[in-house]
Amino acid sequence: MLFRVDPSSSVPLGDQIAACVRRAVSDGSVAPGERLPAARALADSLGVNVHTALRGYQRLREEGLIELRRGRGAVVTAGASPHRARLLEGVRAVVAEARELGLAEGDLLDLVRAELNA
């Protein structure tokens, strides 16, 4: 499992780590039930602080893509599907672009609702 981050990117490193795992789930290179590298090992391999790696993992836990278990580390959840991970990645990209354009939350939600009802 090879993850890469770009320290010069405006995207926070923890978010980049989460995106790497999402991509790995979405392309099938990481399967449900599979263990991810320990946060310390991941941080060492990427040259980042262990807390940065943990932030990425905690974001994925909040999304329901991984479980963090004491002594067992991070495990991809059974409910983590490639389709959900790919969709979530797309949603994040749309939200990021909307923020860059200065679009208000309500306006973005209106656009999504209109598309859903089209």
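Readers should treat all values here as calculations from the given coordinates under stated rules, not as data from a laboratory. What you see is a predicted model, and the numbers here were worked out from it, not measured in a lab. Neighbour counts are summed over all protein chains in view; Cβ atoms, including those assigned to glycine, are modelled from backbone coordinates with ideal geometry.
Taking Rg and Dmax of the Cα atoms in Å as calculated from this structure, the corresponding entry among [x] 21.9, 85; [y] 15.5, 48; [z] 13.3, 43 is [y]. Against the main long axis of the alpha-carbon atoms of the chain, helix 82-100 sits at an angle near 60°.
What is the dipole size for the chain, taken about its Cα centre, with +1 at each Lys and Arg Cβ and -1 at each Asp and Glu Cβ, in debye to the nearest 20?
Working: 16 positive and 15 negative charges, 140 e Å.
In debye, rounded to 20, the chain gives about 680.
Helix 50-63 and the longest principal axis of the C-alpha atoms of the chain enclose an angle of approximately 50°.
Here the relative contact order of segment 13-116, from alpha carbon pairs under 8 Å that lie six or more residues apart, stands at 31 percent.
Taking trypsin sites (Lys or Arg not before Pro) that fall in a DSSP loop and have at most 16 other Cβ atoms within 10 Å as cut points, what is the longest piece of the chain between them? Walk me through the intermediate numbers first.
Numbers: sites that count: R4, R70, R72.
Looking at the chain, 5-69 is the longest stretch - no exposed trypsin sites (Lys or Arg not before Pro) with at most 16 other Cβ atoms within 10 Å.
Taking the 0 to 90 degree range and rounding to the nearest ten, how far is the long axis of helix 105-116 tilted relative to the main principal axis of the chain, both from C-alpha atoms? Tilt of helix 105-116: around 80 degrees.
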